[in-house]
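*Asks:* Take this structure, written in structure tokens, and hold onto it; I'll ask about it next.
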Amino acid sequence: MVFYEVKSSSGKLDCSMEIGNTTTVTAFVLLGLSNNPRVQVVLFVLFLVIYLLILMENLLMLLVIRADSHLHTPMYFFLSHLSFLDAFYSSVIVPKLLENLLSKWKTISLPECFTQISLVIFSGATEACLLAVMAYDRFQAVCHPLLYVVAMDRKVCAGLVGASWVIGMGTGLVNTLLLAQQHFCGPSLIHSFVCELPPVLLLACSDSYISIASILTTMVILGIGTLALLLGSYTRIIRTALRINSAEGRSKIFSTCSSHALVVTIFYGSGVVRYMTPASGSVLEQVLTMQYSVVTPLLNPLIYSLKNQDVKAAVRRLLARKPRLT
């Protein structure tokens, strides 16, 4: 077994080892967003600020929902899980992006890359399930208001959330284990700032049919399947809202559901296109990845808070509280 040096005589990074007559990649190189040092510094500051905002916004949303009893309802229970997931999702991607922006050798080991892929798939699958659950919750609230308390009791809500997390974990684990069976013999360059399944599969030297079939099956069942549930729920909600005589009632329904619809459009519009089309290393692919991994976690709390009177009222109550003297 012969390991290549980290830096070759030509000054280029070599991330492979030779076992007998077979070369095996031991690490990948993330080409990132730019190779210009000045641009990298600007991007580092930009993404550091965005990451801190993501954490602050989502943790504040969690705090407000937990602290205000008016928000202890199924809708905000689901929203709290979405906020936690968004903070987690961005933490899977942005710290490594920040590290590589300041690093000369932008390498990521195979185990680290596979772990990141697993967590990205897990986060995306769980979020798709949570968004479908939130649409189902709004469907029950609008279309069956008299049965809502029974249909969405504590056990049902906990079961729906638990199922979302379990499905996400299983999806990430299965797809990553199948990917780990592939042989990577070079090249080791990933045209992205993050390890994702589509660009990594391009580097496989062995037959990747099973992995491709697995991720496509995942996208059809979870992606298109949950999207169908979303569209079905909102079709029924719109029909019910149009039959309401009260303009105020219709306005409240559309205001609440429009926030969710906007989040769904942003998430699915980028995620489904990214994973359902062949990887090519284009700039558009990096933009789509940035959309659902960084922009969506940043915008979700703003969308739900700015368009939601209950959340704004809860924030005002939280800020108006005076410290109690013991």
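The values are calculated or read from the model by the stated rules, or taken from the named source; none is laboratory data. Computed from a predicted structure; not experimentally measured. Note: ideal-geometry Cβ built from the backbone for every residue, glycine included; neighbour counts use all protein chains shown. Quick note on the areas: whole protein, heavy atoms, side chains included, nothing else; ligands and nucleic acids left out. Shrake-Rupley method; radii C 1.70, N 1.55, O 1.52, S 1.80 Å.
*Asks:* Evaluate the following for Gln140: is it of a type in the set (S, T, N, Q) and closer than 28 Å to Leu242 by Cα?
*Replies:* yes
*Asks:* Only residues in the stretch 30-41 that are surrounded by fewer than 18 Cβ atoms within 10 Å (Cβ to Cβ) count as the first member; pair them with residues that are in a loop (DSSP other than H, G, I, E, B) and among the hydrophobic types (A, V, I, L, M, F, W, C), Cβ under 7 angstrom, at least 6 apart or cross-chain, and list the lot.
*Replies:* none
*Asks:* Among residues belonging to the stretch 129-183 that are of a type in the set (Val, Ile, Thr) and more than 25 Å from the chain's Cα centre (by Cα), point out the one that is nearest to Val200 (Cα to Cα).
*Replies:* Val142
*Asks:* Among the residues that make up the stretch 123-138, is at least one of them crowded, with 18+ Cβ neighbours inside 10 Å and over 22 Å from Tyr234 (Cβ atoms)?
*Replies:* Yes, there is a match, as at least one residue in the stretch 123-138 is crowded, with 18+ Cβ neighbours inside 10 Å and over 22 Å from Tyr234 (Cβ atoms).
*Asks:* Given the condition of a type outside the set (A, V, I, L, M, F, W, C), free of Cβ contacts under 8 Å to residues at least 24 places away in the same chain and over 19 Å from Val295 (Cβ atoms), answer yes or no: does some residue in the stretch 121-137 qualify?
*Replies:* no
*Asks:* Limited to the stretch 259-287, what total is found for residues that are farther than 26 Å from Asp310 by Cα, aliphatic (A, V, I, L, M) and open to solvent by less than 30 Å² (accessible area, probe 1.4 Å)?
*Replies:* Of the residues in that region, 1 qualify.
*Asks:* Still on this structure: So which of Lys96, Lys106 ends up being open to solvent by less than 40 Å² (accessible area, probe 1.4 Å), under 30 Å from Leu201 (Cβ atoms) and in contact with a strand residue (DSSP E or B) (Cβ under 6 Å, 6 or more places away or on another chain)?
*Replies:* Testing whether each residue is open to solvent by less than 40 Å² (accessible area, probe 1.4 Å), under 30 Å from Leu201 (Cβ atoms) and in contact with a strand residue (DSSP E or B) (Cβ under 6 Å, 6 or more places away or on another chain) leaves just Lys106.
*Asks:* Could you tell me which numbered condition Val287 fails, if it satisfies all but one of (1) within 24 Å of Leu52 (Cβ to Cβ); (2) in contact (Cβ under 8 Å) with a residue 24 or more places away in the chain?
*Replies:* Every listed condition holds for Val287 apart from (2).
*Asks:* Moving on to the next point. Can you name every residue in the stretch 207-224 that is in contact (Cβ under 8 Å) with a residue 24 or more places away in the chain, more than 21 Å from the chain's Cα centre (by Cα) and either open to solvent by 40 Å² or more (accessible area, probe 1.4 Å) or closer than 18 Å to Glu127 by Cβ (or both)?
*Replies:* Residue satisfying the conditions is Ile210 alone.
*Asks:* Which one of Ser91, Ser9 is surrounded by fewer than 18 Cβ atoms within 10 Å (Cβ to Cβ), at pLDDT below 90 and either in a helix (DSSP H, G or I) or over 18 Å from the mean Cα position of the chain (by Cα) (or both)?
*Replies:* The unique qualifying residue is Ser9.
*Asks:* Now for a separate question. Of Leu79, Leu98, which residue is touching a residue at least 12 places away in the same chain (Cβ under 8 Å), part of a helix (DSSP H, G or I) and farther than 29 Å from Leu43 by Cβ?
*Replies:* Leu79
*Asks:* Quick check on Ile238: is it under 17 Å from Met276 (Cβ atoms) and open to solvent by 30 Å² or more (accessible area, probe 1.4 Å)?
*Replies:* No.
*Asks:* Given the structure, is His70 open to solvent by 40 Å² or more (accessible area, probe 1.4 Å) and under 26 Å from Cys129 (Cβ atoms)?
*Replies:* no
*Asks:* Need the failing condition index for Pro199 against (1) open to solvent by 20 Å² or more (accessible area, probe 1.4 Å); (2) touching a residue at least 12 places away in the same chain (Cβ under 8 Å), just the number.
*Replies:* That leaves (1) as the condition not met.
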